[in-house]
Amino acid sequence: EQTWKTLFLVQVEKGNKEDVLEILQNFFPEDEQDFMLNYSDTDILILKYWDDLSQVSENFVHSLLDTVEGDSYSKVIFSSSLPFLSWKELYKAGRQAKQTMQAGRFFYQELKFFKYENLKLERLVYNMSREQCADFLEDSNNEDVFGDKDLVNTALALMDCQGNAAETARTLYVHRNTLNYRLE
């Protein structure tokens, strides 16, 4: 019987990674099917098994986030892949989790959890060159999606500023809260 799996990428942005690892080990004991991998200086991979897809829940990640940040005084950010069945899909899941983390952090600095399936347009735009983004935004077929010129200008300025919201707000001569409302 095949079991659903989800790959989570955890980045320790501030704090002690060793403390974060220790706390996460309590969630994923070695005798369980789920496991963790200390991947790099800042990254941890978690492979979580699910009996069925109805169990896949954001509550799981938010409880991990709350516990890790509360107990370790660290700032962590999570991203997830799509659920998968076959081990052949593990590499693809790793790419998905990484792309989701990159796009999520670029567009939504205030969030701490990014789901692959929730960032479709953001992943597309993030992986495009500046010229491709400009062409896409200028395309008349996208007027129904991007008809708001302020939103288009905001998106272009955000890309020019490499996702830095404070710099983008200064460039556009708007308050940072105004920029956040536009991005939402």
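One table, with the values for the structure above:
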read-out: With every protein chain in place, the stretch 2-124: carbon and sulfur % of accessible area (1.4 Å); value: 48 percent
read-out: Among Val20, Val174, Val61: highest mean-square fluctuation, GNM of the chain, C-alpha pairs under 10 Å; value: Val174
read-out: Relative contact order (%) - the chain, alpha-carbon pairs under 8 angstrom, separation at least six; value: 20 percent
read-out: Hits among lysines - C-alpha to C-alpha of Lys88 under 30 Å, sequence gap 8 or more where chains match; value: Lys5, Lys17, Lys48, Lys98, Lys112, Lys115, Lys120
read-out: Correct choice for mean projected area of the Cα convex hull in nm² that was computed from the model, options [x] 12.5; [y] 10.2; [z] 14.2; value: [x]
read-out: The chain, accessible area per residue, ligands and nucleic acids excluded (1.4 Å, Å²); value: 60 Å²
read-out: Amide H within-cut-off set for Gly15, under 5 Å, with H built and near neighbours excluded; value: Lys75
read-out: In the stretch 1-55, chymotrypsin sites (Phe, Trp or Tyr not before Pro) in a DSSP loop with at most 15 other beta-carbon atoms within 10 Å; value: Tyr39
read-out: Whole-angstrom gap from the stretch 59-128 to the stretch 13-47, using each part's C-alpha centre; value: 15 Å
read-out: Computed [θ] at 222 nm, helices only, for the chain once each DSSP H run of length n ≥ 4 contributes -39500 (n - 2.57); value: -15000 deg cm²/dmol
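The values are calculated or read from the model by the stated rules, or taken from the named source; none is laboratory data. Here the structure is a predicted model, which means the values were calculated and not measured. Neighbour counts run over all protein chains shown; Cβ positions are idealised from the backbone, glycine included. Accessible surface areas use protein heavy atoms only, side chains included; no ligands, DNA or RNA. Shrake-Rupley method; radii C 1.70, N 1.55, O 1.52, S 1.80 Å.
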